[in-house]
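Reading through the structure tokens given below for one structure.
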Amino acid sequence: MEKFDSMKFKALGKTGERIPAVGIGTWKLGTDRDTEMKAIRVGLELGMRMVDTAELYANESLVGKAIEGEEGVLVATKVSPNHLHADDIENSCNQSLKALGVKTIDLYQIHWPNSKISVSETMAAMEKLVKEGKIRYIGVSNFSVKELEEAQGALKSNEIVSNQVEYSVVVRDPERTMLDYARKNSITIIAYSPLGAGALFSKRLEGLYGILDQIGKKHGKSPAQVALNWLVSKDMVVAIPKASNADHMRENAGGVDFSLDRKEMLGIDSFRVKAAARTSTSRFHTLIKNTAPLWSDFMADRYRKKLQK
Ligand SMILES: NC(=O)c1ccc[n+]([C@@H]2O[C@H](COP(=O)([O-])OP(=O)(O)OC[C@H]3O[C@@H](n4cnc5c(N)ncnc54)[C@H](OP(=O)(O)O)[C@@H]3O)[C@@H](O)[C@H]2O)c1
């Protein structure tokens, strides 16, 4: 059994709960179940005891199997933007609970906002789930400050604890749009695609990769580890890299047990990625966000079919 005691912990909103600085992302997992489950278990053993999935990913049962019998794992999943009416939320939550094989979802997140559905109806339904003990905390994802404020304003007895947004050395938008607000209001930023959805390792980002590599060599760490360390060194930020094999998972777990100095942090801070080299999700974010309620079902169906093969 692998054990790693160097995990760093960060606040989850104002809950008083501490969560691992680096957790486990699972989007697109489900094609090679045995290898992926082994990778998740390695991550859990190494202290990455927060797993993020979504009904959209069609892999909650894989996550459920991987965490079976484990204690102290923060289970986070998401309700799709086309399921934000009260009845649909209840239905989605029940299905997620069943697929995950848990009695309570620790963090239930609204995957994308949906401007066509009343936020009061959605938030009342989320609060009902908290009251019933089906979920512990309410989170959101891909919300702007304005959307966060509206959602928080619609809640009567709960606070939004987190906003999951794309943030990495490759995509820096939250520094402009979200971080100050999140810090002022004690909302945890869960950085998704923290390795640039893999773009960090591509030819088009070799300049940035070179800088991370140079810094990493001084610490005996890889570029991926430096990229994760840079992210989680920031106040109120945690990261959820996805890895489908145990080696990548181990490497990612090792992204927390060292400290970048001020000069190294600034060196990475000041690197600006050219628009064309950014991830496609960040380049087309507005379009993806505005159409999310339309494509969610289609994508979920696609993943379901693919993962059944
Ligand atoms: N809320 C949202 O709208 C949203 C959107 C996107 C993602 N997410 C969440 O965020 C998680 C992470 O984002 P992501 O999957 O888009 O991208 P990511 O974690 O930034 O990157 C994943 C890619 O990096 C590779 N990788 C992982 N560790 C590596 C390492 N140590 N060295 C080299 N390559 C490595 C993976 O390869 P292998 O698979 O081969 O290991 C995979 O190709 C998702 O899984 C999901 O849970 C949420």
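Of note:
- Meets criteria (in contact with a Leu (Cβ under 6 Å, 6 or more places away or on another chain), surrounded by 20 or more Cβ atoms within 10 Å (Cβ to Cβ) and under 22 Å from M50 (Cβ atoms)) for G196: no
- Number of the exception - R204 against (1) charged (D, E, K, R); (2) crowded, with 19+ Cβ neighbours inside 10 Å; (3) in contact (Cβ under 8 Å) with a residue 60 or more places away in the chain: (2)
- Residue among R33, R41, R18 that alone is farther than 30 Å from H83 by Cα and surrounded by fewer than 22 Cβ atoms within 10 Å (Cβ to Cβ): R41
- Residue in region 35-54 that is at negative phi and in contact with a His (Cβ under 9 Å, 6 or more places away or on another chain) present: yes
- Qualifying residues in region 245-273 (those that are in a loop (DSSP other than H, G, I, E, B) and within 17 Å of R176 (Cβ to Cβ)) - the one nearest to the ligand (Cβ to nearest atom): V273
- Taking every residue in region 227-244 that is assigned to a loop (DSSP other than H, G, I, E, B) and pairing it with any residue that is more than 11 Å from the ligand (Cβ to nearest atom) and among the β-branched types (V, I, T), at least 6 positions away or on another chain, the pairs with Cβ-Cβ distances below 6 Å are M236/T188; M236/I189.
- All positions within region 282-298 that are crowded, with 16+ Cβ neighbours inside 10 Å and either at positive phi or not basic (K, R) (or both): S282, H285, A292, P293, W295, S296
- Residue ID - farthest from L294 (Cα to Cα), chosen from residues in region 117-137 that are loosely packed, with under 15 Cβ neighbours inside 10 Å and among the polar types (S, T, N, Q): S120
- Only one entry of A277, A253 meets the criterion of being within 26 Å of A76 (Cβ to Cβ) and either surrounded by 15 or more Cβ atoms within 10 Å (Cβ to Cβ) or acidic (D, E) (or both), and that entry is A253.
- Test for I135: is it touching a strand residue (DSSP E or B) at 6+ places or on another chain (Cβ under 8 Å) and either in contact (Cβ under 8 Å) with a residue 60 or more places away in the chain or under 30 Å from A224 (Cβ atoms) (or both): no
Where a number appears in this text, it was derived from the coordinates with a stated rule and is not lab data. If you're wondering where the values come from, they're calculated on a predicted model, not measured in any experiment. Cβ coordinates were reconstructed from backbone atoms using ideal geometry, including for glycine residues, and neighbour counts include every protein chain displayed.
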